[in-house]
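A.B. asks: Below is one structure. I have some questions about it.
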Amino acid sequence: MIRELLVNACAKAVPKAMLAEAGDGAEATKRCREHAPDLVILDLELPDMDGLDLLGSLRELAPDVRVIALSSHTDEFTLHRAAQFKVNGFVDKNEQPLEILRGAIAKVMDGKTYFSPVVERVRNSLRADPIAFTKLLSDHEQYLLTLMGRGLTNEEVAAMVGLSAVTVKTHRRNIMGKLGFHSTPELIRYALDKGFIRTGLGSGRVKRSEL
């Protein structure tokens with residue numbers, strides 16, 4: 001239903017454009033291979049993968065493609081990752097009506113960027129915060145936090161990333177020290193608050209290869 005609304009909104013925003021839609025990452029890859037689009041409006045919560053995981057392959061198929069991310073999650077970690085993947089725009093599904101797409105599409109296709117007001121506020125707050133995780137933790141430590149934040153033991157994390165449990169324990173201690181925490185529950189709460197994990201997700205959202 002949401003996809004159909006988006007298609008209709010895009011048809012109104014760019015009447016002469018050729019439109020294609022996809023229900024998951026695999027189908028989106030197929031469509032991009034067929035059409036080499038100028039613009040992709042990408043929902044970050046896809047049925048088969050994290051939307052940002054898809055960007056690399058889409059840009060291989062369409063090197064000049066511009067991407068507007070669409071998500072109901074505007075937490076710090078999601079926006080940080082979106083910036084790392086160099087999305088051209090970010091529309092918040094919670095606060096913005098579909099009509100806003102017209103302006104977002106126009107700006108992005110004109111070579112500019114578009115970020116919804118709530119996204120700009122979070123991005124500015126993250127940049128201004130002297131103890132933001134972006135300033136304290138390396139990319140690798142951020143990745144490990146997506147696993148530790150799920151309550152996994154050192155042994156479980158080690159098995160997933162190909163490190164020894166002792167090495168993971170050292171990383172955990174370093175991460176907690178940098179963030180000023182003294183217990184795993186504090187670390188898990190931080191991971192939830194910042195968007196490294198979300199309640200109900202069965203796996204970490206960041207692949208090691210991305211970092």
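The values are calculated or read from the model by the stated rules, or taken from the named source; none is laboratory data. Since we're looking at a predicted model, the values are computed, not measured. Heads up, the Cβs are rebuilt from the backbone with ideal geometry, glycines too, and the neighbour counts pull from every protein chain shown.
A.B. asks: Hey, among Ala132, Ala82, Ala128, which residue is loosely packed, with under 13 Cβ neighbours inside 10 Å and at pLDDT 90 or above?
C.D. replies: Ala128
A.B. asks: Only residues in region 147-159 that are free of Cβ contacts under 8 Å to residues at least 60 places away in the same chain count as the first member; pair them with residues that are part of a loop (DSSP other than H, G, I, E, B) and surrounded by 14 or more Cβ atoms within 10 Å (Cβ to Cβ), Cβ under 8 angstrom, at least 6 apart or cross-chain, and list the lot.
C.D. replies: Listed by first residue and then by second, the contacts come to Leu147/Gly204; Gly149/Phe196; Gly149/Ile197; Arg150/Ile197; Arg150/Gly204; Val157/Leu163.
A.B. asks: Which members of region 171-195 meet the condition of being part of a helix (DSSP H, G or I), hydrophobic (A, V, I, L, M, F, W, C) and without any contact (Cβ under 8 Å) to a residue 12 or more places away in the chain?
C.D. replies: Met176
A.B. asks: Among the candidates Asp53, Asp48, single out the residue that is out of contact with any Phe, Trp or Tyr (no Cβ under 7 Å at 6 or more places or on another chain), more than 29 Å from Arg121 (Cα to Cα) and charged (D, E, K, R).
C.D. replies: Details: Asp53 fails: more than 29 Å from Arg121 (Cα to Cα).
From the options Asp53, Asp48, the qualifying one is Asp48.
A.B. asks: Additional query: From Ser57, Ser72, which residue is surrounded by fewer than 18 Cβ atoms within 10 Å (Cβ to Cβ), in contact with a Lys or Arg (Cβ under 6 Å, 6 or more places away or on another chain) and polar (S, T, N, Q)? Steps first, please.
C.D. replies: Values: Ser57 fails: in contact with a Lys or Arg (Cβ under 6 Å, 6 or more places away or on another chain).
Testing whether each residue is surrounded by fewer than 18 Cβ atoms within 10 Å (Cβ to Cβ), in contact with a Lys or Arg (Cβ under 6 Å, 6 or more places away or on another chain) and polar (S, T, N, Q) leaves just Ser72.
A.B. asks: With touching a strand residue (DSSP E or B) at 6+ places or on another chain (Cβ under 7 Å) and not basic (Lys, Arg) as the only criterion, which of Leu70, Leu136 stands out?
C.D. replies: Leu70
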